[in-house]
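Here the structure is laid out as structure tokens; the discussion comes afterwards.
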Amino acid sequence: MAGKAEKKSNTRSRIISYVMNNQNTSKVEISKNLNISMPTVLSNVNELMESGVLVETGEYASTGGRKAKSIGINPSYRYAMGIVITANHVGMTLVNMRSEIEKTDRVRMKFSPETSYCGELSILVKKFLEDMEEPEKLLGIGISIPGIISQEQHLVVKSHALKIENYSLSFLEQSFSCPVYFENDANAAMMAEDIHQYKNAIYLSLNNTLGGAFCIDGKLFSGQNQKAGEFGHMILVPGGRKCYCGKKGCADAYCAASALTDGKYESLELFMEALSEGNTKAQKKWAAYLDNLAILISNLRMAYDMDIILGGEVGGYLADHMLALGEKVMEYNGFDRDIRYLKNCTYRKESSALGAAKHFFSEFIKNI
């Protein structure tokens, strides 16, 4: 009996996961694409609709017979919250089961390893969630942190950005009354993407620091010491600019967003405005940036032979500059005939928060 129940639960999980990643679908498509018999699909979908997990979202165009109903996930069935912690800010995002952002806020708050920081963050979160109509529907809070995180030891092994080492996450976890999950910021951003679409992919997180992540067969690969994807500290220019890690010539010093702002612009947005207005110095800096990024991309493509998703703050702007970047990449890579492996990120700003929040949906689906 236990085996039968487990099999049914697994079937339900597969169906929900499929619907979540396909917005609107039909029972016929579920049966065909998941290779599940139609009677089994009908039984499970009807149960999931009765419980409120799935809902009818409309009708397909008629092909002569009765119109098929389209079905989708019920966005308000459950929620999860994502938090992004940086050196000077806290970003908060409320996400529904359709991976839609319902609410977001960004507050200036300097990180501190002191317990007082945990208390201040708890107050911020309570205020952010105070207008939530059904707080019992919140599955948990996913927290994105720029650093190497040990899930087993429950600590931040090292974070240059936050200037901490072997920092216990216990106090942060105990600050909230619901389940908490911690993830590296680049890994979280990768999780925000549709891993069903990108089963094997690299994610380049082009923020003020350069992070990275990659998934193999739809699963994040962390490496032996949770350091996989630290592309920012690969040497790009031997003996070049000094990186915040202490080495010279790291990719971070040339391809992070800070390489563009560089103390002359308060934000990347202001730099991009100057670029669009035809500022000569901004254009020169942008051309050099794309050249360095093209070298990094070419090296990663040669090493991993995967799709490369361009994310982070800079990634959000690159959609309008793919032709120029593509031309430079092709100059350095004589093995690919095109650059279709280069992808633009789905979310420009809230990716790490959304990805950390999505962890709870994945866990919820497994046990439904």
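Here are some notes:
- Residues with amide H under 5 Å from that of Ile309, placed H, sequence gap 5 or more: Ile202, Tyr203, Leu204, Lys343
- Under 13 Å from a label point set 7 Å out along the Cα-to-Cβ vector of Met234, the amide N atoms of the range 187-219 belong to 202-205, 211-214.
- A cut-off of 5 Å between modelled amide H atoms, ignoring neighbours fewer than 5 places along the same chain, links Val180 with Ile141.
- Surface accessible to a 1.4 Å probe, per residue, for the residues of the range 290-368, Å²: 47 Å²
- Each Lys and Arg Cβ is given +1 and each Asp and Glu Cβ -1; about its Cα centre, the chain then shows a dipole of about 600 debye.
- Degrees, to the nearest 10: 38-50 long Cα axis against longest axis of the chain: 80 degrees
- Inter-centroid distance (Cα atoms) of the range 136-152 relative to the range 172-199, Å: 6 Å
- Cα centroids of the range 65-110 and the range 215-261: 29 Å apart.
- For the range 85-169: accessible area per residue (Å², 1.4 Å): 52 Å²
- The loop-placed trypsin sites (Lys or Arg not before Pro) in the range 245-350, going by DSSP, that have at most 12 neighbouring Cβ atoms within 10 Å of their Cβ come out as Lys264, Arg337, Arg340.
- When shorter helices are ignored and each DSSP H run of at least 4 residues is given -39500 (n - 2.57), the per-residue value for the chain at 222 nm works out to -12000 deg cm²/dmol.
- Each semi-axis of the equivalent ellipsoid for the chain is √(5λ) with λ an eigenvalue of the Cα gyration tensor; in descending order they amount to 37, 27, 19 Å.
- A Gaussian network model of the chain, with springs between Cα atoms under 10 Å, assigns the largest mean-square fluctuation among Ala253, Ala189, Ala357 to Ala253.
- The GluC sites (Glu not before Pro) of the range 73-170 meeting both criteria, a DSSP state outside H, G, I, E and B (loop) and at most 16 other C-beta atoms within 10 angstrom of the site's C-beta, are Glu100, Glu114, Glu130, Glu133, Glu152.
- Between 0 and 90°, nearest 10: helix 280-304 axis offset from the chain longest Cα axis: 60 degrees
The values are calculated or read from the model by the stated rules, or taken from the named source; none is laboratory data. Keep in mind it's a predicted model, so treat the numbers as computed, not measured. A quick note on method: Cβ atoms are made from the backbone with ideal geometry, for glycine too, and the neighbour counts reach across all protein chains shown. SASA here: full protein model, heavy atoms, side chains in, ligands and nucleic acids out. Shrake-Rupley method; radii C 1.70, N 1.55, O 1.52, S 1.80 Å.
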